[in-house]
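Chemist: Structure provided below as structure tokens; questions to follow.
None of the figures in this text is laboratory data; all of them are computed from the coordinates on show. What you see is a predicted model, and the numbers here were worked out from it, not measured in a lab. Note: ideal-geometry Cβ built from the backbone for every residue, glycine included; neighbour counts use all protein chains shown.
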Ligand SMILES: Cc1ncc(COP(=O)(O)O)c(C=O)c1O
């Protein structure tokens, strides 16, 4: 049977049209866009077209606001480090506890170097408290960085409102929109967002290509200095094939953007309803009213995520887990912990992330496959007995060492 | 996805001896749901012969935790309790054709459950304060708690010291930043590689205040421990290593490994081997710990 891919928040397949557009840039169109001769000129033209396609998808006012980078992580690092460099008298960073490591690890590192770091907490649904946010905005803050959509739960932050609030206080605002771009309509020119990161491989472009949107007149300091590529804001010969691929992917995303909130959302909702109807002691994580249309984060109590993934994989179904067991640490993910999801559920959280390439048959196959897998693992679990959890599981299992 | 051996996969997909065991007379619970790993081992022991007639498990945990539990039950069935206690975590891993370094704790958990179940069968108390931190050195599977305790216990100052004592950082070197962070957290600053560690090992064993089995006096017990270590030493010395008794605190026996054993990737295995020999010699469950673990007490 054909494998089912429901891990699109981790990465996506390149659209065949993307691959086709890229191929000439490995062969006859190999030129360096900076060269005067015709080899270079053709590449330069292709990059310009791609830039406009990215601009259009983001609703940016100018194509010169688009800076190509090597990945989402580079865009995130560039944004934060630029803001700190540009206003050396401001040493405070505001972010949230549920950011991707591309932001969190960097910010925690900067904290060691003397920056003040405020990580906004979230509630059970993964929402931030805007009053608390407002109370932190002052003239020592160099930058606010808040993700548009969370990669694990799909929960959205009100970044447009948060950007407007920061703007009122003269504070730079960056959003990691790696999970949002291509899944939600975005119109940057009508917002106060100063910088935005995106990553190609989350929207059917190749891995290793990213964009940092930098609003015109935003004070900017490059991460990589060298040649004049990207108007001196990101030195290094352009990754022309990937940039062209990203352009095509952005074009496709724009054409299909309606589909995300209709077709894909219906599939996701069907998947969630179907699974929850058949599996007891399971629930959806995150803000179910305000989240990405493609993401389902489902907690299965009293079982551990890796086992579920291995059994799903055997059925040809690819998903991912909210437990960080894969990192060698036994703690559940920082996002689940930040939302206060009980340990009994956090370890058994599975993320299904769909794309417009998924079908209803696939969804129905997953709905059929999941319940027996959970039942099988619960049969092995010391916290489960018969068809329900043992009463008072935290006490029933009493290890003599802690 | 993990690089699991066929054997691990097979035991995960078709676990042996899973589920509750009726009439179990030795039950060991280790781990907790908080840690994401919990194992209950249930034994049915023939009281006259001490033979483990049946063993079942229930496990909450990742694929290799389930596979390790399954393997453990297969290994110990038909063995006597005393024979079963000789099963080390490395035996469990070997039975499964190896485990990834990040997952070795699954086999350790299996071994601990076995000790807890045997203690339960014999009506003894078993406790283990073994604590596990984030994996820092992936080449030699050394975690943050182990590194921190060894730094504290031995007054380590430099990256080189840490590598000498724990082996951590001796491979690909990608973890050096993390190890330096731990050194700074403990010492308040980072010393360059020239600074030398200042090992402050106590060498005279202090008599234990804790009650022990009546058949041995404290003196006899310590003599027995020393004799047992003495018998092991030639084996270690062949590998250019050595072991010395540092402290006996009830069921905890602290030793200093030196030479090639100390800090070598086999340190944990060496300690486990020493522990088994001492369990056999003393006829009681004891824990053998590296001297570094003493700093906590
Ligand atoms: C929210 C978020 N930010 C940043 C990244 C990193 O992107 P990249 O893999 O392109 O560096 C990811 C991808 O995993 C992500 O989900």
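Chemist: Restricting to region B:218-296, compute how many DSSP beta bridges are antiparallel as a %, nearest 5.
Modeler: Percentage antiparallel, nearest 5: 65.
Chemist: Under 20 Å from a label point 7 Å along Cα→Cβ of residue A:11: give me every residue in region A:201-224 with its amide N that close.
Modeler: Residues A:201-212 qualify, since their backbone N sits under 20 Å from the label point.
Chemist: Taking N as the number of residues in region B:135-202, what value does Rg over Cα atoms divided by 2.2 N^0.38 Å take?
Modeler: Relative to the 2.2 N^0.38 Å estimate, region B:135-202 comes out at 0.98.
Chemist: Also: What translational diffusion coefficient, in µm²/s and rounded to a whole number, does the Stokes-Einstein relation yield for region B:218-296 at 37 °C and a viscosity of 0.692 mPa s, taking the hydrodynamic radius as the Kirkwood radius over Cα pairs?
Modeler: This corresponds to a translational diffusion coefficient of 264 µm²/s.
Chemist: Classify region A:166-239: rounded, prolate or oblate, from the alpha-carbon gyration tensor (a ≥ b ≥ c, eigenvalue square roots; a/c under 1.5 rounded; otherwise prolate if a/b is larger than b/c)?
Modeler: Cα axes put region A:166-239 in the oblate bin.
Chemist: Same structure again: Give the percent of DSSP beta bridges with both residues in the protein assembly as shown that are antiparallel, rounded to the nearest 5.
Modeler: Close to 70 percent.
Chemist: Could you calculate, for region B:1-134, the ratio of the Cα radius of gyration to the Kirkwood radius, expressed as Rg to Rh?
Modeler: Over the Cα atoms of region B:1-134, Rg/Rh equals 0.95.
Chemist: Mind checking the full-extension length gain between residue B:284 and residue B:13? Use 0.36 nm per residue of separation minus the Cα-Cα distance, one decimal, nm.
Modeler: Full-extension gain reported as 93.9 nm.
Chemist: Assuming R0 = 41 Å, what is the FRET efficiency of residue A:61 and residue A:364, from their Cβ-Cβ distance, to the nearest 0.05?
Modeler: Calculated transfer efficiency: 0.40.
Chemist: Assign one of three labels to chain A, namely rounded, prolate or oblate, based on the Cα gyration tensor with a ≥ b ≥ c the square roots of its eigenvalues; rounded applies when a/c is under 1.5, prolate when it is not and a/b is larger than b/c, and oblate otherwise.
Modeler: Oblate.
Chemist: For residue A:334 and residue B:122, FRET efficiency with R0 = 41 Å and r from the beta-carbon atoms, rounded to 0.05?
Modeler: 0.45
Chemist: Can you check how the C-alpha radius of gyration of the protein assembly as shown compares to 2.2 N^0.38 Å, as a plain ratio?
Modeler: The reported ratio for this selection is 1.09.
Chemist: Here's something else I'd like to know. Running a GNM on chain A with Cα contacts under 10 Å, which residue among A:27, A:95, A:73 ends up with the highest mean-square fluctuation?
Modeler: A:27
Chemist: Also, I was wondering about something else. How far apart, in nm, are the 7 Å Cα→Cβ label points at residue B:174 and residue A:187?
Modeler: So the two model labels end up 4.5 nm from each other.
Chemist: If each of residue A:26 and residue B:217 carries a label point 7 Å out from its Cα toward its Cβ, how far apart are those two points in nm?
Modeler: 8.2 nm
Chemist: Separate question: What shape does chain B take by its C-alpha gyration tensor, where a ≥ b ≥ c are the square roots of the eigenvalues and a/c under 1.5 counts as rounded, a/b above b/c as prolate, and the rest as oblate?
Modeler: oblate
Chemist: Tell me the angle of helix A:360-380 to the major Cα principal axis of chain A, expressed in degrees between 0 and 90 and rounded to the nearest ten.
Modeler: Approximately 50 degrees, to the nearest ten.
Chemist: To continue, here is another question. For residue A:41 and residue A:259, calculate 0.36 nm times their separation in residues minus their Cα-Cα distance, and state this gained length in nm to one decimal.
Modeler: Going from the current span to full extension adds 74.8 nm.
Chemist: Calculate how steeply helix B:267-282 sits against the longest principal axis of the alpha-carbon atoms of chain B, using the helix alpha-carbon long axis, and give the answer as 0 to 90 degrees to the nearest 10.
Modeler: That helix lies at roughly 60 degrees to the long axis.
Chemist: When the helices in chain B are scored as -39500 (n - 2.57) per DSSP H run of 4 or longer and the sum is shared across all residues, what 222 nm value do you end up with, to the nearest 500 deg cm²/dmol?
Modeler: That comes out to -12500 deg cm²/dmol.
Chemist: Okay, moving on. What nm value, rounded to one decimal, do you get for the distance between residue B:235 and residue B:138 when each label is placed 7 Å out toward the C-beta?
Modeler: For residue B:235 paired with residue B:138, the spin-label model returns 3.4 nm.
Chemist: For a footprinting-style exposure proxy, rank A:189, A:2 by other Cβ within 10 Å, fewest first.
Modeler: A:2, A:189
Chemist: How much FRET efficiency would the formula 1/(1 + (r/R0)^6) give for residue B:226 and residue A:113, where r is the Cβ-Cβ distance and R0 is 56 Å, rounded to 0.05?
Modeler: 0.65
Chemist: Relative contact order (percent) for chain A, with alpha-carbon contacts under 8 angstrom and 6 or more residues of separation?
Modeler: Relative contact order, chain A: 21 percent.
Chemist: If you don't mind, there's one more thing I want to ask. Using 0.36 nm per residue, how much length does the chain from residue A:391 to residue A:283 gain when fully extended, once their Cα-Cα distance is taken away?
Modeler: 37.0 nm
Chemist: With everything on Cα atoms, drop me the angle between helix A:38-58 and the longest principal axis of chain A, reported from 0 to 90° to the nearest 10.
Modeler: 50 degrees
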